[in-house]
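Asks: What follows is a structure written as structure tokens; I'll ask about it next.
Each value in this text was obtained by applying a stated rule to the coordinates, not by laboratory testing. Only a predicted model underlies this, so the values are computations on that prediction, with no experimental measurement involved. When we count neighbours, we look across all protein chains shown, and the Cβ atoms used for this are built from the backbone with ideal geometry, even at glycine.
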Amino acid sequence: MSDEDEDSEPAVELGEQTPVEGAPLARVSSRLTWPKEKSEVDRLEGETVIRTPEGPRELSAVLVDVDETYFQRHQEFEANVRDVIGTGPIPTADE
């Protein structure tokens, strides 16, 4: 590598990070092993605040509206939760 390569600016300028409250749903589901009952998900992760298009919500409050009681895979869990919370842009802490 030449000295010129080391001194050059990044190709893309990085901005300041905007804080977002709550954990991504995928992060929560990755901490669990599957299959899992809804009640066990609630026991283990219910107090976790997740990101939703409507703002941060506790997972326990979301699971109340999920009809499924047993999830074979994390994709099934995430799909059921997204049916309740919806999809879309997540508001930042500044909004």
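Asks: Given the C-alpha centroids of the range 70-89 and the range 38-64, what is the distance between them in whole angstrom?
Replies: Taking the Cα centre of the range 38-64 as reference, the centre of the range 70-89 is 11 Å away.
Asks: To the nearest 20 debye, what charge dipole does the range 19-85 have about its Cα centre, counting +1 at the Cβ of each Lys and Arg and -1 at the Cβ of each Asp and Glu?
Replies: Dipole of the range 19-85, to the nearest 20 debye: 280 debye.
Asks: Going by amide H atoms built from the backbone, whose H comes under 5 Å of the H on Val20, apart from near neighbours?
Replies: Placed amide hydrogens put Ala93 under 5 Å from Val20.
Asks: Exactly which GluC sites (Glu not before Pro) in the range 17-74 are in a DSSP loop and have at most 11 other Cβ atoms within 10 Å?
Replies: For GluC sites (Glu not before Pro) across the range 17-74 that sit outside H, G, I, E and B with at most 11 neighbouring Cβ atoms in 10 Å, the list reads Glu47, Glu54.
Asks: Expected output is a single nm value to one decimal: the length gained when fully extending between Val64 and Arg31, i.e. 0.36 nm times separation in residues minus the C-alpha distance. What is it?
Replies: 9.8 nm
Asks: Arrange Ser29, Ser60 by Cβ neighbour counts within 10 Å, fewest through most, would you?
Replies: The order, fewest Cβ neighbours first, is Ser60, Ser29.
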